[in-house]
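The values are calculated or read from the model by the stated rules, or taken from the named source; none is laboratory data. Everything numeric in this text was worked out from a predicted model, so none of it was measured. Please note: Cβ atoms are built from the backbone with ideal geometry, for glycine as well, and neighbour counts cover all protein chains shown.
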Amino acid sequence: MSSSEVRIGVVGTGGFANQVHMPGYHAHPRAKIVGVCDIILERAEAAAKRFGATFVTDDYKELVSRDDIDAIDVVTPNVVHVPIALAAIKAGKHVICEKPLAMSHAEAQELIAAAKETGAKTGVNFTYRGHPASRYAQYLISRGHIGRIFHVNAFYMQGWLVSPDTPIVWRLQKDMTGTGVLGDLGSHVIDLACWFTGAKITSVVADMSTFVEERPLPGGTGKGKVDVDDASTFLARFDNGAMGTFVSSRNATARGNYQRIEVYGESGALVYSWDDKEYLEASVGHFAKEYQMLKIPVPARFTPRDGGTGFTENISNFIDAILNDKEMVPNFADGLENQEVLDAVSMSAEDGTWVSIPFN
Ligand code: SOE
């Protein structure tokens, strides 16, 4: 590795890569995007032009094998996360991958085994760990400010699929994404709930629904069947005895990116809301009031490096982990834990029975 900077290869140059990942590397003083790959070569060429990459390809195998690249960022549809990440790890690269990590916990286990072999630094882009209010929530809970936890209620509600005229995209195709809203949005609040509390989910019982079963195909070429969940709700038990309720939907009318996690403990409580960067609703410490939540300001020290909602925080942390030879968090182990919950929820929704994890 170049001692002065981390040389990056990005696979997948679609919306999120352009809005978050590549700007994140561009903003880091010791990161450089050397190569980009996309199955749509023109998209990769546009990204290379915008971010100064010198190598462009539509074949990820060419990118991961380059000696002038230290780390690979996988920003593709879920179905190819593992083959690309595996190829990168086997080529001696560090890897960060978009969420959810894989299409199944078995696939995720394969990734972890490969990374252990090479000592690769791994990361999963659970974006909302970078949010100032979520960082403060995790700080307060991890330092015991709400005591023994009774409840975790998590909601992630978007409304972009309310109209039946919204066409099918890869996030709605099982063979590309695995699950629908569960993996797309549920994975985020599952990660936050476990990170906030430091607890693991040990069993779930679930219900999933597809409200709109047929949608226009892209390009107006007729209609196609939707084979993934539009909404997912599940109950969970944590290993610390807490009870969890998780609701995620992309049919939540009027909601843009509504993310809310309520945590109730024996000596306090707090509510994190993505919409509010500056405050937590809380009853903690000397703010603790019986039957009253106060809006407490998030201290400046929890402001992420981008000064906003922290969308690029994981990207910066990944670069720093490589430069300082430290472990990136969240990493593939967190991705596997998350994947086990996703798989358990999908299994439970089939017959409505409780499913315990870990599986083996
Ligand atoms: C779409 O639902 C989406 O872009 C998710 O895929 C992201 O993970 C989330 O951060 C915002 O919404």
**Request:** Inspect all residues belonging to segment 186-204 and state whether any of them is over 23 Å from Arg129 (Cβ atoms) and at pLDDT 95 or above.
**Result:** yes
**Asked** With Gly147, Gly159, Gly92 as the choices, which residue is assigned to a loop (DSSP other than H, G, I, E, B) and under 23 Å from His188 (Cβ atoms)?
**Response** Gly159
**Prompt:** If you take the residues of segment 150-185 that are touching a strand residue (DSSP E or B) at 6+ places or on another chain (Cβ under 6 Å) and more than 20 Å from Tyr264 (Cα to Cα), which of them is surrounded by the fewest Cβ atoms within 10 Å (Cβ to Cβ)?
**Reply:** Pro167
**Request:** Take Ala254 and decide whether it is within 16 Å of the ligand (Cβ to nearest atom), more than 23 Å from His151 (Cβ to Cβ) and either crowded, with 17+ Cβ neighbours inside 10 Å or touching a residue at least 12 places away in the same chain (Cβ under 8 Å) (or both).
**Result:** yes
**Prompt:** Among the residues of segment 129-149, is there at least one that is within 16 Å of the ligand (Cβ to nearest atom), in contact (Cβ under 8 Å) with a residue 12 or more places away in the chain and either farther than 19 Å from Ile261 by Cα or surrounded by fewer than 22 Cβ atoms within 10 Å (Cβ to Cβ) (or both)?
**Reply:** no
**Request:** Please name all residue pairs, on different chains or six or more residues apart, with Cβ atoms under 7 Å, provided the first residue is in segment 182-198 and is within 14 Å of Asn153 (Cβ to Cβ) and the second residue is within 12 Å of the ligand (Cβ to nearest atom) and not in a helix (DSSP H, G or I).
**Result:** Gly186/Tyr156; Gly186/Ser248; Val189/Tyr156; Val189/Ser248; Val189/Gln259
**Message:** Checking Arg260 against (1) under 20 Å from Gly310 (Cβ atoms); (2) surrounded by fewer than 17 Cβ atoms within 10 Å (Cβ to Cβ): exactly one of these is not met. Which one?
**Reply:** (2)
**Asked** Looking only at residues in segment 82-103 that are within 15 Å of the ligand (Cβ to nearest atom) and of a type in the set (D, E, K, R), which one is nearest to Thr179 (Cα to Cα)?
**Response** Lys99
**Message:** Need pairs with beta-carbon distance below 9 Å; first residue at negative phi and within segment 291-302, second assigned to a strand (DSSP E or B) and among the small types (Gly, Ala, Ser); sequence gap 6+ or separate chains.
**Reply:** Gln292/Ser283; Met293/Ala269; Met293/Ala282; Met293/Ser283; Leu294/Ala282; Leu294/Ser283; Lys295/Ala282; Ile296/Ala282
**Request:** Determine whether segment 210-231 contains at least one residue that is in a strand (DSSP E or B), polar (S, T, N, Q) and touching a strand residue (DSSP E or B) at 6+ places or on another chain (Cβ under 9 Å).
**Result:** no
